[in-house]
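Here is the structure we will look at, set down as C-alpha cells.
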Amino acid sequence: MRHLIDFGDLTRREWDQLYARADKIIDAPEKFIDVCRGKVMASLFYEPSTRTNFSFQTAMLRLGGSVFGFADPRSSSVAKGETLKDTIKMVSGYADVIVMRTPWEGAARAASLYSDVPVVNAGDGGHMHPTQTTADLTTITRLRGSVDGLSIGLCGDLKYGRTVHSLIKALAKFRDIRFFLIAPRDLAIPDYLRQFMRENGMPFVEVTGLEPVIPQLDVLYMTRIQRERFVDPLEYERNKGIYVLTRRKLDRAKENLLVMHPLPRVDEIAVDVDDDPRAVYFQQARFGMFARMALLSDLANQPRMSPDPVEIGKGPLCRNPNCITQTEHYLPPLIKYNGGTKCCAFCDSPL
Ligand code: NCD
C-alpha cells in the first residue's frame, strides 16, 4: 500500500496485516515508541476535526515521530489562492507522510497524484473516511473476535456520512454480513454505493425505522446528520433529530450488541446510553489512535518516490458541485467504472 485514499483500494490481506499490527500495539504500545523516530507527519486539516486530527497527532508522537501542519486553512497559503497541487508538492518536500482532511470530495486522490510521500485521506467531504474505518474494524474485531457473520445496522445520515461510505467499502471484504440501512428517504445511501453492494453480493434492507430492527443487530453504527453538507437547509431541518437512541430502546437489543458512533454526537445517542456496557464509542475513538499508529508505522517509513507525470486537464468532467475537479482545473480527466457505470475517478459521482 502506498497511499490510503479509499478503503476499497486495500486488499483483505493488507487489512489483516494492518489489524495484526494494531492489535499488537494495543497490547504493548511501549514496544513501538521508536518506530517513527526521525519521521515527520504533515497534518493538513482544511475542515474542523477533533478526534481524527488529535488521534493522528498522538499516534505519530507515540511512535517517536513529529508533526507539523494546520488545523485552519486560513493560516496557510491556501488563503492566498495557492492550488492544492502546489501545496502538496511543497509539503511533500518537507514531510514523510501527509494526512489531509478537506471539504472537497476526491481531494486526497488528487493530492496523491503529486506527492513524493504517502497521502492519507482523513476525510474528503461527504465521500470517504478510510481511517475512521480502520478504527471501526479494529473495534469490532477486538470486541467481537471477528467481523464475519455479523448483522450490522447503519443508522442516520447515510447520504452525506462519509464514515458509512468507507465502512461499506471495507465490509465488502468480509463474509456473511447482513446490513440494515436505517435512514430517512432523503438521506439514503448514494446510488453508487447501493450498486456497489449489489455487485458485491452484500445483502441489505433499507428501512426508515430504527426500533423495529434493533433486536436483530450485532452492531448498531449511529451517525450524526451532517448539517454542513446539506445544499438545502430545509432538508436539514426536516431530518435533524430524526433518530435518538435511548437506554429504553436498547431494552430489546442483544446483550452483546456494540453501539458505535464515529463521533461527534449531537443528539442521536442520549447521554443515558453512555453507561450501558454495550456503548463502545469512546473506546472506538481510542482504538482509532492505535489503528492510526499501525498505519503510520508503515506509511511514514516508505521511501520517497516521485509520482509519474499526469495529463493536464481542461476543467471538470464531473457535475458534483463538491468535487475537487470543480476548483482545481488542471487535474487530469480521470474516469473509472463502478460496475457498468462511468464515474468520476476522484469523487465517484456518475458522469
Ligand atoms: C466523522 C467525520 O468527520 O466524518 N468524525 C470523525 O472523523 N470521527 C463523523 C462526523 O463528523 O459526523
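Below is a table of values for the structure above.
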read-out: PHE70 touching a strand residue (DSSP E or B) at 6+ places or on another chain (Cβ under 8 Å) and over 15 Å from ALA291 (Cα atoms); value: yes
read-out: Answer residue from the range 288-317, given it is touching a residue at least 24 places away in the same chain (Cβ under 8 Å) and of a type in the set (Gly, Ala, Ser) and is nearest to the ligand (Cβ to nearest atom) among those; value: GLY288
read-out: All positions within the range 250-278 that are more than 16 Å from the ligand (Cβ to nearest atom), under 25 Å from the mean Cα position of the chain (by Cα) and of a type in the set (D, E, K, R); value: ASP274, ARG278
read-out: For GLY8: the one exception among (1) at pLDDT below 95; (2) assigned to a loop (DSSP other than H, G, I, E, B); value: (2)
read-out: Entirely in the range 79-198, the strands (runs of 3 or more DSSP E) that have 1 or more residues that are farther than 17 Å from ARG224 by Cα and in the same structural domain as GLY209 (by TED's automatic domain parsing); value: 151-155, 178-182
read-out: Test: residue in the range 230-240 that is crowded, with 20+ Cβ neighbours inside 10 Å and either among the polar types (S, T, N, Q) or under 23 Å from the mean Cα position of the chain (by Cα) (or both); value: yes
read-out: Within the range 210-249, tally of residues that are within 16 Å of the ligand (Cβ to nearest atom) and assigned to a loop (DSSP other than H, G, I, E, B); value: 10
read-out: Of residues in the range 154-170 being farther than 11 Å from THR223 by Cβ and either among the charged types (D, E, K, R) or surrounded by fewer than 24 Cβ atoms within 10 Å (Cβ to Cβ) (or both), the one modelled with the highest pLDDT; value: ALA170
read-out: Qualifying residue in the range 114-130 (condition: more than 30 Å from GLY313 (Cβ to Cβ) and within 16 Å of the ligand (Cβ to nearest atom)); value: no
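The values are calculated or read from the model by the stated rules, or taken from the named source; none is laboratory data. Bear in mind that the values here come from a model prediction, so they are computed numbers and not experimental data. Quick reminder, even Gly has a Cβ in these numbers, built from the backbone with ideal geometry, and neighbours come from all protein chains shown.
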